[in-house]
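Working notes, beginning with the structure itself.
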There are 2 protein chains.
Amino acid sequence: MTSTDLQATIAHMGAAARAAATKMAAASTASKNEALRALARLLRGDSAPLAEANARDIAAAEAAGLAAPLVDRLRLTPKVLATVAEGCDQIAAMPDPVGEITNLRRRPTGISVGQMRVPLGVFGMIYESRPNVTIEAASLAIKSGNACILRGGSEAIHSNLALWKLVQAALDEAGLPRDGVQLVQTTDRAAVGFLIQSPESVDVIIPRGGKSLIERISREAKVPVIKHLDGNCHTFVDATADLDLAVRVTDNAKTQKYSPCNATESLLVHEAVAAAFLPRIGAVFAAKGVEMRGDAASVALLSKVPGANVVAATEQDWSEEYLAAIISVKVVSGIDEAIAHVNRYGSHHTDAILTEHHSNAMRFLREVDSASVMVNASTRFADGFEYGLGAEIGISTDKFHARGPVGLEGLTSMKWVVLGQGEVRQ
Amino acid sequence: MTSTDLQATIAHMGAAARAAATKMAAASTASKNEALRALARLLRGDSAPLAEANARDIAAAEAAGLAAPLVDRLRLTPKVLATVAEGCDQIAAMPDPVGEITNLRRRPTGISVGQMRVPLGVFGMIYESRPNVTIEAASLAIKSGNACILRGGSEAIHSNLALWKLVQAALDEAGLPRDGVQLVQTTDRAAVGFLIQSPESVDVIIPRGGKSLIERISREAKVPVIKHLDGNCHTFVDATADLDLAVRVTDNAKTQKYSPCNATESLLVHEAVAAAFLPRIGAVFAAKGVEMRGDAASVALLSKVPGANVVAATEQDWSEEYLAAIISVKVVSGIDEAIAHVNRYGSHHTDAILTEHHSNAMRFLREVDSASVMVNASTRFADGFEYGLGAEIGISTDKFHARGPVGLEGLTSMKWVVLGQGEVRQ
């Protein structure tokens, strides 16, 4: 396809999405839930076409020499399909966010003023590898009353097409417009460029993938972007922390999985408990092969731990998102230094304080400028499912519109409604 | 000042604002209210310095041959000062939006998850002529816990500087950082360019002024912009409208003031009541000298009205924001055509239905994709004060983040808070 043809194709999809958005926004809760349950049923049904499409992607990926973990991400195993089908049913069971009216209050003039939750309109979703995102994005679009244009990775194109056909069938079954969920069917990368520069047909772009993809999209987009950048998350062990709890939570926050963005990358310890706490958590990390990069005070304590892999941290370490079995460690003088350190070096994603001191807990909650702030809990909880959003279209590291895990509500906005009895302005 | 010096100045202001934002965000409600009440007191105090500064701006404007209405906008009359002082007191009396925690709910894992309202951080305000905006923006920044950088019009520079000195004194008195509210003290237009391209120090830009200013800023900004573009507002008179009410409300919506963005620019009338309604409203418009630009059906009815200035509407008229004594008029076949017309030609600002038909009222509220949708009320009510926001930093015609009048809440966002007792992720 020529560049002009591709641009025309994207423009055509955009216009169709804009038209479908009106119908999606006005769709009844019953029909949206019907589409979601139909989609769940189809995902649980005849798996042969999905398996065949998926096998083509996997064969191509293996032939191209893609690394094994990346090939694994492509796999639509029965377990993956069961999980996304279950996700559709869960979203069907959630309350409809659209049409909710809040704060409807009488004003002195006689009019009643409130806010109604409405869909954003059309979102564009740009994602890599995992084909299950096709279903997650489609199901969130359907429930939130938005139209969407999906652009998955080229390595998953056959799987995405096969999944999208199920979405089309589900929309049909519920009487919703097929153009409510569209999939870019070419793997030409230029399609992304056209999509993110179409404010007339796209209200927001949600990229999911590597940092370079997200940075490029943010830089070039002419529509708002829900960005998900780094997760340099901190756990701060305060002077009054329950140290058993602190060992358990810090261990979980760092080692339960190394690759998620909500894993703790940096440990701050109050100087009053450093000598009691660091050798204990150091032993846990040593046993699990976690490298510790510390300031002088923590290195002094941690290097005595048998088997510990301890090195001196550089200034760069405080800003690092390792996504690996590495943690930076710093002894701090108290809550003030901890908050200042987190706000300076953190990525405003997720940070936790472990403390029994109520006022310190409240200060940390208020003053740490991150999308998720926690008291006595593992940073690994920062997740749409764990927060009860039913699903998550992404995690925002921005402050505008939505922060942290973005679910159905993040795909809506509030418009004003005014109910009068013929009032006029004086 | 050279371009490099100016860039350094703006960068320095940005860094100072970023540092002050932390203190503004953590400021107690009492100290924020103290600053606001001190500001109100100072505005009501010795008016000589303000009068002198304002006289300099007015003399310069008159010498430059500025049109009389534009010179009038510059005037800090006793009435204007009393109004902005009253505004500061009103904002002081409002609940503090910062720190509000909502929807704190226990999850099956044991953690409690909710959302806390927090300031956005630093906003940049770019505005023209009226110097009272300096006080409105400063007072909203103080109450919402944001830092701000203000950039007023060059024609009001002395007035803005004099008002800003009062803001500095009020911040001092309450122990809040002076850098919490900064004013760009040069009239060099390049300052705007640097300000809107500083994501490291500015979280959102709010432009207030002409369409060309806002479009330029939106195009060039590298930070989110709360845009206020056209107000092509509609009033739709449905078949079941109370016609006395409809005459009163339509008259108010169009003629109470011609220049505001929430004035009705287009009148849609159900064909069933066109013959009864149009001659009545036509007589009102004729008496007030309002030009009517109609489709064939409305021209046929309106041209019989004695003294009416009626012409045939062109396609362009349906999209026009006149801000003048002109209204476009169209007879429609019913609610479907009315909604489709508003969504196609309107600017998604404010639109009203006048009806006694409950289901049509609800459909209009749900399906018209505008920042404010109204039933049986004048579109002129779309305003932060009328909505009870206490003040208004702008009116957003975007869907992302905030729609319609933006008050204190529009300058905040919600972060997630998690309260645990040592829970870990499985």
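Quick one: how many residues across the range B:354-380 are touching a residue at least 24 places away in the same chain (Cβ under 8 Å) and either among the aliphatic types (A, V, I, L, M) or farther than 16 Å from residue B:236 by Cα (or both)?
5
What number of residues within the range B:169-191 are free of Cβ contacts under 8 Å to residues at least 60 places away in the same chain, closer than 24 Å to residue B:33 by Cβ and within 25 Å of the chain's Cα centre (by Cα)?
So the answer is 2.
Which ones in the range A:396-417 are assigned to a strand (DSSP E or B), at negative phi and facing another protein chain (nearest Cβ under 10 Å)?
A:396, A:405, A:412, A:413, A:414, A:415, A:416, A:417, listed by residue number.
I want to confirm something. Restricting to the range A:357-381 and keeping residues that are among the β-branched types (Val, Ile, Thr) and within 19 Å of residue B:146 (Cβ to Cβ), which single residue is farthest from the other protein chains (Cβ to nearest Cβ)?
For the range A:357-381, the residue satisfying everything is A:368.
If you take the residues in the range A:24-67 that are under 13 Å from residue A:170 (Cα atoms) and out of contact with any helix residue (DSSP H, G or I) (no Cβ under 6 Å at 6 or more places or on another chain), which one is surrounded by the most Cβ atoms within 10 Å (Cβ to Cβ)?
Step by step, filter the range A:24-67, then rank; the result is A:34.
Cβ-Cβ below 6 Å, separation at least six or inter-chain, first residue in the range B:192-203 and within 14 Å of another protein chain (Cβ to nearest Cβ), second assigned to a loop (DSSP other than H, G, I, E, B): which pairs?
Partner pairs satisfying both residue conditions: B:197/B:222; B:199/B:222; B:199/B:223; B:202/B:223; B:203/A:399; B:203/B:120; B:203/B:121.
Any idea how many residues of the range A:215-244 are within 20 Å of residue A:318 (Cβ to Cβ) and either in a loop (DSSP other than H, G, I, E, B) or among the aromatic types (Phe, Trp, Tyr) (or both)?
Here the count works out to 6.
So, restricting to strands (runs of 3 or more DSSP E) that lie completely within the range A:245-348, which ones have at least 2 residues that are more than 14 Å from every other protein chain (Cβ to nearest Cβ) and closer than 30 Å to residue A:209 by Cα?
Passing ranges, in order: A:264-270, A:291-294, A:326-332.
Check whether at least one residue in the range A:97-120 is within 14 Å of chain B (Cβ to nearest Cβ), among the acidic types (Asp, Glu) and touching a strand residue (DSSP E or B) at 6+ places or on another chain (Cβ under 7 Å), and report yes or no.
Yes, the range A:97-120 has at least one match.
Answer yes or no: is there a residue in the range B:256-268 that is surrounded by fewer than 17 Cβ atoms within 10 Å (Cβ to Cβ) and farther than 21 Å from residue A:424 by Cβ.
Looking for residues that are surrounded by fewer than 17 Cβ atoms within 10 Å (Cβ to Cβ) and farther than 21 Å from residue A:424 by Cβ, one finds none in the range B:256-268, hence no.
Anything in the range A:285-299 that is surrounded by 15 or more Cβ atoms within 10 Å (Cβ to Cβ) and either farther than 19 Å from residue A:238 by Cα or touching a Leu at 6+ places or on another chain (Cβ under 7 Å) (or both)? List them, or say none.
A:285, A:286, A:290, A:291, A:292, A:293, A:294, A:298
Read-outs throughout are calculated quantities, based only on the coordinates presented, and are distinct from any laboratory measurement. The shown structure was predicted, so the numbers you read here are calculated from the model rather than taken from an experiment. A quick note on method: Cβ atoms are made from the backbone with ideal geometry, for glycine too, and the neighbour counts reach across all protein chains shown.
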